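Below is one structure, written out as structure tokens; comments come after it.
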């Protein structure tokens, strides 16, 4: 990997969570979200490292240059430190002379202040503005601003002042003063300086942040308690010490802001400088010179470890600036200025357009629609995704650097839908479980019933035979005849119970054939005998052809009608309805009788469960009906009310699929049935 190819910021995936804070804080939107994790796009990154400051989990880390600097110090070549003027903010608790001693104890031969390079650059700015009246210039002291202009405002590259930053200027001064073989290491609060140093390898060997410098001192065991005092190596600065503060460049260059003329404009901060560049490109700014800083002043840079407020940092810098300015030997400073005035401080910049084309209106509309943003009022612009507007988020999705799941309202709606789907699935699972339990009960009871019916059938036949013989051989009005009649009636009842058991236990396969449900119901009621006090109403649907076993379905209808009639012992209304529902044909049997109590409703399909009086029912009718409907792959449900405060009654609804799906079921073709043979 070459010096220029190094990535300034990378993500530690193990720590990264889907908070999108880094997206929100990135002015270049150089963060790609993939599978919920943030990835810094090297080609789009401007090196501001604001994502590092904003990530509370420490999931972002900057390029570590300590190993390269250690190797440089061990190489034997003279190495000089170009120290950023913001060092009093980070190391304010150490006397400046002792701090210089710490750096020299680490192995640096020279320790020089970049503030003198800032003095020289300020003079270059003043001359540039005076010699080019009417032209608009953007300061180039901040490498993050320069990179942002090159990548996202290429039309403004021509407005970048063709002057090097104070760091590069100081490096050239150091080499001029101490020899071209001296390797210069910049130490400061800025991560973007690493990229700028990579662009100027002849001037800057490496760049360290204050955080990295502290780590080197700790590892080497060097501290203010072990180091000796030493002075900064010349040349010494004047007002260049103020550069880290907003407007410090203008003050150092003695370009006083004239509010009436508005020739000079100074702004700072990640939210402010992009807006100024946008306005400048649109022609909304009249100022001749615009001083921009990416951070809220260099003293707020990401390479500083102290957590004090901006005002506390500015106060620390001012204290050092006053002390340094009043101690300066003006004659020596002027001599240094004359000596290095003739150096080359020019710089050139090239457009590196990283703008992405805006998507088409239809594509944008479709993406917003997928996010649930159908109407303008649906665009909440809450910023939870890291983008200020829903429109920008949609553009980022189309560009492949964002995901739909980043939208909090969208994700909440998805979770609600998923929860609803899970609820439906749970209910279906509960019904399936209940049906399975019912099937297991029926299977167990079927085995028991088959055994009991088999054992009772033959003795009952014998009892009935001899009871009839006895009845025929005795006088009809005798006590014996009456007893024989009682035996016959009760044995007949037992025979019916045994017959019901056999029907319940017998696993008859249905003989499916195409049947008209309406005609089937009508034919049943043509022969059914209803009490005079019961009123019958039939509602008929259309196109109710389905594959079913008509004999078994008639048995179900008969059982349901019988139960309904018994529930209306004092009379009432019996409503039968046939209808279609999706791919099913359905019929319902409703009565306005006494209804079924809630505690009994769950047991009605269980074998031998009945609410009728002893001798009135066996509790097998609904169990048999349930088994028939399940064999048909259908469904039977009940709605009932037994509350005397309101209308009472019960409705059984049966749904049967139009096409038979029962494995192994026998289907009969209509033409075969017509011939009376089976194939």
Original post:
Viscosity 1.306 mPa s, temperature 10 °C: Stokes-Einstein D of the chain from its Kirkwood Cα radius, in µm² per second?
Top reply: 47
Original post:
Per Stokes-Einstein, at 10 °C and 1.306 mPa s, what whole-number D in µm² s⁻¹ belongs to segment 64-340, with the Kirkwood radius over Cα pairs as the hydrodynamic radius?
Top reply: 83
Original post:
Antiparallel as a % of all DSSP beta bridges within the chain, to the nearest 5?
Top reply: 55
Subject >> Segment residue 278-residue 528, length gained on full extension (0.36 nm per residue, minus Cα span) >> reply: 81.2 nm
Original post:
Cα axis of helix 210-220 to longest principal axis of the chain: angle in degrees, 0 to 90, nearest 10?
Top reply: 80
Subject >> Label point distance in nm, residue 41-residue 492, each placed 7 Å from Cα along Cα→Cβ >> reply: 9.1
**OP:** Note the angle between two axes, namely the Cα long axis of helix 408-473 and the longest principal axis of the Cα atoms of the chain, as a number of degrees from 0 to 90, rounded to the nearest 10.
**Re:** 20
**OP:** Please work out the FRET efficiency for the pair residue 57 and residue 337, using the Cβ-Cβ distance as r and a Förster radius of 56 Å; give the result to the nearest 0.05.
**Re:** 0.70
Subject >> Ranked packing of 124-136, 282-294, most packed first, by mean Cβ within 10 Å >> reply: 282-294, 124-136
Original post:
If you line up the long axis of helix 96-106 against the longest principal axis of the chain, both from Cα atoms, how many degrees apart are they, to the nearest 10?
Top reply: 70
Original post:
So what is the 222 nm mean residue ellipticity for the chain from helices alone, if each DSSP H run of at least 4 adds -39500 (n - 2.57) and you divide by all residues, rounding to the nearest 500 deg cm²/dmol?
Top reply: -14000 deg cm²/dmol
Subject >> Difference of contour (0.36 nm per residue) and Cα-Cα distance, residue 639 to residue 98 >> reply: 185.7 nm
Original post:
When only Cα pairs under 8 Å and 6 or more residues apart are kept, what is the percent relative contact order across segment 3-54?
Top reply: 41
Original post:
To the nearest 0.05, what FRET efficiency results for residue 128 and residue 427 with a Förster distance of 56 Å applied to their C-beta separation?
Top reply: 0.15
Subject >> Potential lengthening between residue 538 and residue 10 on full extension [0.36 nm per residue; Cα-Cα distance subtracted] >> reply: 182.5 nm
Original post:
Using Cα pairs under 8 angstrom and six or more residues apart, how large is the relative contact order of the chain, in percent?
Top reply: 11
Subject >> Separation of alpha-carbon centers, segment 413-430 and segment 20-97, rounded to whole Å >> reply: 47
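Readers should treat all values here as calculations from the given coordinates under stated rules, not as data from a laboratory. Everything numeric in this text was worked out from a predicted model, so none of it was measured. Backbone-built Cβ (ideal geometry, glycine too); neighbour counts: all protein chains shown.
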